[in-house]
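A short worksheet on the structure shown next.
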């Protein structure tokens, strides 16, 4: 579900664990390359990883869980028990800050021009309401690169089979 602060998930500032997915603008493959041995970050992907890690620096009540950066998107788990009084802590605020910081890092490093957009407007979120949901999300994140590699290999084989005949 795209996140806008409230909806079927309820209050996105409520304590809990959340699986977030955010994609690059136009799904451009700017962040990483997937190979048989894993994911290799491109320079913009390194900026994204740094911005992800900075979430917990700017908001020390947040626990960063599993995260993977793929060629055109990021999956990550964020959780917290309570937002300190006087601090803004909804998931929308957190993701907006993360996206802004990743874009700033990428532009400062020269990896992204001043006019290029890095992210799509919104993000997808799943509230993880149980330990089993959290474990499934962690497994999904850890398996994501392998699944992408298998898709690439299968797609390449299909393409080769189509052109061989």
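Taking the range 77-94, which residues are within 24 Å of residue 120 (Cβ to Cβ) and either touching a helix residue (DSSP H, G or I) at 6+ places or on another chain (Cβ under 9 Å) or exposed (fewer than 15 other Cβ atoms within 10 Å of the Cβ) (or both)? Before you say what the answer is, go through the steps one by one.
Initial filter on the range 77-94 (within 24 Å of residue 120 (Cβ to Cβ)): 77-79, 88-94.
Result: 77, 78, 79, 88, 94.
Please verify whether residue 74 is touching a strand residue (DSSP E or B) at 6+ places or on another chain (Cβ under 8 Å), modelled with pLDDT of 95 or more, surrounded by fewer than 18 Cβ atoms within 10 Å (Cβ to Cβ) and in a strand (DSSP E or B), treating the condition exactly as stated. I'd like the intermediate steps shown before the answer.
Details: touching a strand residue (DSSP E or B) at 6+ places or on another chain (Cβ under 8 Å): yes; modelled with pLDDT of 95 or more: yes; surrounded by fewer than 18 Cβ atoms within 10 Å (Cβ to Cβ): no; in a strand (DSSP E or B): yes.
No.
Results for (1) more than 28 Å from residue 90 (Cα to Cα); (2) in a loop (DSSP other than H, G, I, E, B); (3) without any contact (Cβ under 8 Å) to a residue 12 or more places away in the chain; (4) under 17 Å from the mean Cα position of the chain (by Cα), shown as yes or no for each residue.
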| residue | (1), (2), (3), (4) |
| --- | --- |
| 126 | no, no, no, yes |
| 136 | no, no, yes, yes |
| 146 | yes, no, yes, yes |
| 151 | yes, no, yes, no |
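Results for (1) in contact with a helix residue (DSSP H, G or I) (Cβ under 6 Å, 6 or more places away or on another chain); (2) over 18 Å from residue 98 (Cα atoms); (3) surrounded by 15 or more Cβ atoms within 10 Å (Cβ to Cβ), shown as yes or no for each residue.
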residue: 23; (1), (2), (3): no, no, yes
residue: 37; (1), (2), (3): no, yes, no
residue: 44; (1), (2), (3): yes, no, yes
residue: 47; (1), (2), (3): yes, no, yes
residue: 53; (1), (2), (3): no, no, no
residue: 58; (1), (2), (3): no, no, no
residue: 65; (1), (2), (3): no, no, yes
residue: 69; (1), (2), (3): yes, no, yes
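Out of 159, 142, 132, I need the residue that is exposed (fewer than 14 other Cβ atoms within 10 Å of the Cβ), out of contact with any strand residue (DSSP E or B) (no Cβ under 9 Å at 6 or more places or on another chain) and modelled with pLDDT of 80 or more. Which one? Break it down stepwise before answering.
Details: 159 fails: modelled with pLDDT of 80 or more; 142 fails: out of contact with any strand residue (DSSP E or B) (no Cβ under 9 Å at 6 or more places or on another chain).
Of the residues listed, the single one that is exposed (fewer than 14 other Cβ atoms within 10 Å of the Cβ), out of contact with any strand residue (DSSP E or B) (no Cβ under 9 Å at 6 or more places or on another chain) and modelled with pLDDT of 80 or more is 132.
Looking at the range 97-116, which of its residues are surrounded by 14 or more Cβ atoms within 10 Å (Cβ to Cβ) and either over 12 Å from the mean Cα position of the chain (by Cα) or free of Cβ contacts under 8 Å to residues at least 12 places away in the same chain (or both)? Spell out the reasoning first.
Kept after step one, since they are surrounded by 14 or more Cβ atoms within 10 Å (Cβ to Cβ), are these residues of the range 97-116: 97-99, 101-107, 111-112, 116.
The answer is 97, 101, 103, 104, 105, 106, 107, 111, 112, 116.
Considering only the range 44-60, I want to know if a residue exists there that is assigned to a strand (DSSP E or B), modelled with pLDDT of 90 or more and over 12 Å from the mean Cα position of the chain (by Cα). Full working, then the answer.
Here is the first cut: in the range 44-60, the residues assigned to a strand (DSSP E or B) are none.
Looking for residues that are assigned to a strand (DSSP E or B), modelled with pLDDT of 90 or more and over 12 Å from the mean Cα position of the chain (by Cα), one finds none in the range 44-60, hence no.
The values are calculated or read from the model by the stated rules, or taken from the named source; none is laboratory data. Values in this document were obtained by computation on a predicted structure and should not be read as measured data. Positions of Cβ are generated from backbone atoms using ideal geometry, with glycine treated the same way; all protein chains shown enter the neighbour counts.
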